[in-house]
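K.L.:
One structure, as structure tokens, below. Some questions next.
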Amino acid sequence: MDIPWGDIATFSTAALSAAAAAGAWRAAHRSADTADTVARIEKDRWHADLTPQFDLDLVETGNGQALLNVHLGGPDALRRLDEVRITVGNDDKDHTVLHPERNATQADIDAFVWGPFQFSPHVNGTDEDGRGPEPFSLDVGTGTLRAMQRTRPGRWMGGKPQAMWQGEYVGKPIRLILTCRRGDEEWILARHLENPLFTDGT
């Protein structure tokens with residue numbers, strides 16, 4: 001029987017070519033995956049390196065009022081934030097309506113600031129709940145002031161005195177969340193401020 005060496009050689013060459021092509025494709029695919037991974041790592045590192053650095057300082061001005069100084073200290077390469085949104089957070093307790101007969105709905109409870117300070121309603125674009133002022137932009141090395149005030153007991157709290165209410169937050173921090181944007185980049189930062197000692201008449 002004649003062995004078709006020519007056909008065998010042709011098939012062998014084709015098989016080797018296919019194997020080589022498949023190997024090259026796999027290598028290229030691995031290379032692309034590696035490049036994507038490196039690019040993601042670099043992007044994450046770059047994003048972390050540009051994390052905004054804030055100096056936050058709360059100064060009471062009397063009668064329960066205060067000013068929050070928000071200063072963007074760096075990093076220098078950040079240059080600017082297109083938008084800074086600050087909101088005041090709640091304490092760690094679960095706040096669920098237990099006595100709806102006291103004219104407090106869950107919506108009222110959710111809107112209420114459960115902490116020692118809130119932003120001053122209707123100042124700097126703050127809504128009536130005092131959760132946070134309108135967003136603003138900042139350049140690195142500059143700052144701005146936002147009005148805050150001590151919270152008062154909710155109307156459903158049965159006439160609880162202000163001193164008793166504020167006494168619940170002695171030694172507990174003012175919790176702030178800063179959501180910062182520059183272009184498509186976003187950073188969400190949680191910060192705590194020391195709660196100044198409450199005294200009657202302030």
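K.L.:
Where only protein heavy atoms count, and the probe is 1.4 Å, what is the accessible area per residue for the range 120-202 in Å²?
P.N.:
On a per-residue basis, the range 120-202 sits at 54 Å².
K.L.:
Full-extension gain between D108 and T144, please, as 0.36 nm times their residue separation minus the C-alpha to C-alpha distance.
P.N.:
That works out to 9.9 nm of additional length.
K.L.:
Dipole of the range 58-202, Cα-centred, from +1 at each Lys and Arg C-beta and -1 at each Asp and Glu C-beta, to the nearest 20 debye?
P.N.:
Details: 16 positive and 21 negative charges, 58 e Å.
Result for the range 58-202 is approximately 280 debye, rounded to the nearest 20.
K.L.:
Continuing with the same structure: Under 20 Å between alpha carbons, and skipping anything fewer than 8 positions from K43 in its own chain: which aspartates and glutamates qualify?
P.N.:
K43 reaches D33, D76, D82, D184, E185, E186.
K.L.:
Moving on to the next point. Taking the Kirkwood radius as the inverse of the mean 1/r across Cα pairs, report the Rg/Rh of the range 43-98. Provide the component values of the computation, followed by the final result.
P.N.:
On the way: Rg = 16.6 Å, Rh = 14.7 Å.
Radius of gyration over Kirkwood radius for the range 43-98 works out to 1.13.
K.L.:
Points 7 angstrom from Cα along the Cβ direction at T199 and A163: gap in nanometres?
P.N.:
Those two pseudo-labels are separated by 1.4 nm.
K.L.:
Which trypsin sites (Lys or Arg not before Pro) from the range 44-92 combine a DSSP loop assignment with at most 16 other Cβ atoms within 10 Å?
P.N.:
In loop regions of the range 44-92 (DSSP not H, G, I, E or B), the sparsely surrounded trypsin sites (Lys or Arg not before Pro) are R79.
K.L.:
Under 26 Å Cα to Cα from K160, which lysines show up? Leave out anything in the same chain fewer than 8 places away.
P.N.:
K93, K172
K.L.:
Share of the range 108-202's accessible area from carbon and sulfur, percent, 1.4 Å? Could the numbers behind the result be given before it?
P.N.:
Working: 2360 of 4770 Å².
Here it works out to 50 percent.
K.L.:
Beta carbons within 10 angstrom, averaged per residue: use that to sort the peptides 143-149, 190-196, 113-119, highest first.
P.N.:
Ranking the peptides 143-149, 190-196, 113-119 by packing returns 113-119, 143-149, 190-196.
K.L.:
Modelled label-to-label distance, K172 and Q53, 7 Å Cα→beta-carbon offset: nm?
P.N.:
That separation, rounded to one decimal, is 3.3 nm.
K.L.:
Now for a different question. Using 10 Å bins from zero, what percent of all Cα-Cα pairs in the range 82-194 falls into each bin?
P.N.:
Pairs per bin, as whole percents: 13, 40, 32, 12, 3, 0.
The values are calculated or read from the model by the stated rules, or taken from the named source; none is laboratory data. Computed from a predicted model, the values in this text were never measured in an experiment. Note that we place each Cβ from the backbone using ideal geometry, even for glycine, and neighbour counts take in every protein chain shown. Remember, those area values only see protein heavy atoms, side chains included, never the ligands or the DNA or RNA. Shrake-Rupley method; radii C 1.70, N 1.55, O 1.52, S 1.80 Å.
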